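Below: the structure, in structure tokens.
The values are calculated or read from the model by the stated rules, or taken from the named source; none is laboratory data. Note that the structure is a prediction, hence the values are computed from the model and not measured. We place every Cβ from the backbone using ideal geometry, glycine too, and count neighbours over all the protein chains shown.
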Amino acid sequence: MRSLLMLCLLAGSVHGAPESPRADHPILGIWELRVPGSNCLETYRFRGDGTSLVTSHLEVSESEFHVQPRPDDKNFYAWEDRIVKDNGKADCSGGVTAVGSATRRFLRFAPSDNMFLMCSEESMTRCIGPFRRVKGTGA
């Protein structure tokens with residue numbers, strides 16, 4: 001699924017070392033996405049040091065990310081992600097994500113901060129999700 005996202009949506013870029021999100025940022029924690037039309041589960045672990053670990057089927061990848069500290073006036077957080085390590089195995093879509101792949105997306109959190117959508121633009125028209133927080137994780 002991760003490689004499908006990389007191919008289908010517009011790519012952005014992340015430059016330099018990861019920047020730590022604020023300690024109470026809603027992105028921090030472990031999130032799960034059930035891939036529509038399959039039994040495949042993706043797990044995203046967003047860490048406080050600006051790195052993430054993603055598992056998708058057989059694939060395990062690590063990223064550096066930057067996310068806005070506060071939502072914009074449309075309630076979206078701009079999020080940039082760059083793959084720094086990948087085990088070279090297939091993800092939920094059957095693809096393999098290349099090291100160096102970068103994306104820019106927009107995250108929209110539910111008021112409870114226990115779910116979010118990942119969108120290709122600052123609108124609700126092209127989004128995937130919901131990503132659901134694993135109970136007991138987060139800021």
Exercise for review: Those residues that are farther than 17 Å from residue 41 by Cβ and either out of contact with any Gly (no Cβ under 7 Å at 6 or more places or on another chain) or of a type in the set (Ser, Thr, Tyr) (or both), I need them from the stretch 115-138; list them, please.
Suggested key: 119, 120, 121, 122, 123, 124, 125, 126, 127, 136
Study note, to complete from the structure: When restricted to 109, 65, 46, the only residue under 24 Å from residue 19 (Cα atoms), within 10 Å of the chain's Cα centre (by Cα) and in contact (Cβ under 8 Å) with a residue 40 or more places away in the chain is 65
Practice item. Check 99, 84 and return the single one that is within 24 Å of residue 19 (Cβ to Cβ), without any contact (Cβ under 8 Å) to a residue 40 or more places away in the chain, of a type outside the set (Gly, Ala, Ser) and assigned to a loop (DSSP other than H, G, I, E, B). Key: 99
Point to revise | Scope the stretch 54-106; condition within 21 Å of residue 134 (Cα to Cα) and of a type in the set (A, V, I, L, M); matching residues | key: 54, 58, 60, 67
Review point. Filter the stretch 80-98 for residues that are polar (S, T, N, Q) and in contact with a helix residue (DSSP H, G or I) (Cβ under 9 Å, 6 or more places away or on another chain); which is surrounded by the most Cβ atoms within 10 Å (Cβ to Cβ)?
Key: 97
Revision key, fill the gap. Picking from 105, 132, the residue that is surrounded by 14 or more Cβ atoms within 10 Å (Cβ to Cβ), in contact with a Phe, Trp or Tyr (Cβ under 6 Å, 6 or more places away or on another chain) and either at pLDDT 95 or above or part of a loop (DSSP other than H, G, I, E, B) (or both) would be 105
**Study point:** In the stretch 55-75, the residues that are within 19 Å of residue 120 (Cβ to Cβ) and touching a Cys at 6+ places or on another chain (Cβ under 7 Å)
**Key:** 56
Check your understanding: Of everything in the stretch 13-41 that's of a type in the set (D, E, K, R) and not in a loop (DSSP other than H, G, I, E, B), which residue is modelled with the highest pLDDT?
Key -> 32
Practice item. Would you mind telling me which numbered condition in (1) of a type in the set (D, E, K, R); (2) buried (at least 18 other Cβ atoms within 10 Å of the Cβ); (3) not in a strand (DSSP E or B) residue 113 fails? Key: (2)
Study note, to complete from the structure: Considering the stretch 39-52, residues that are among the hydroxyl-bearing types (Ser, Thr, Tyr) and surrounded by fewer than 20 Cβ atoms within 10 Å (Cβ to Cβ), and then whichever is farthest from residue 103 (Cα to Cα), we arrive at 43
Review point. Applying the selection to the stretch 53-79, what residues are assigned to a strand (DSSP E or B), surrounded by fewer than 20 Cβ atoms within 10 Å (Cβ to Cβ) and among the charged types (D, E, K, R)?
Key: 62
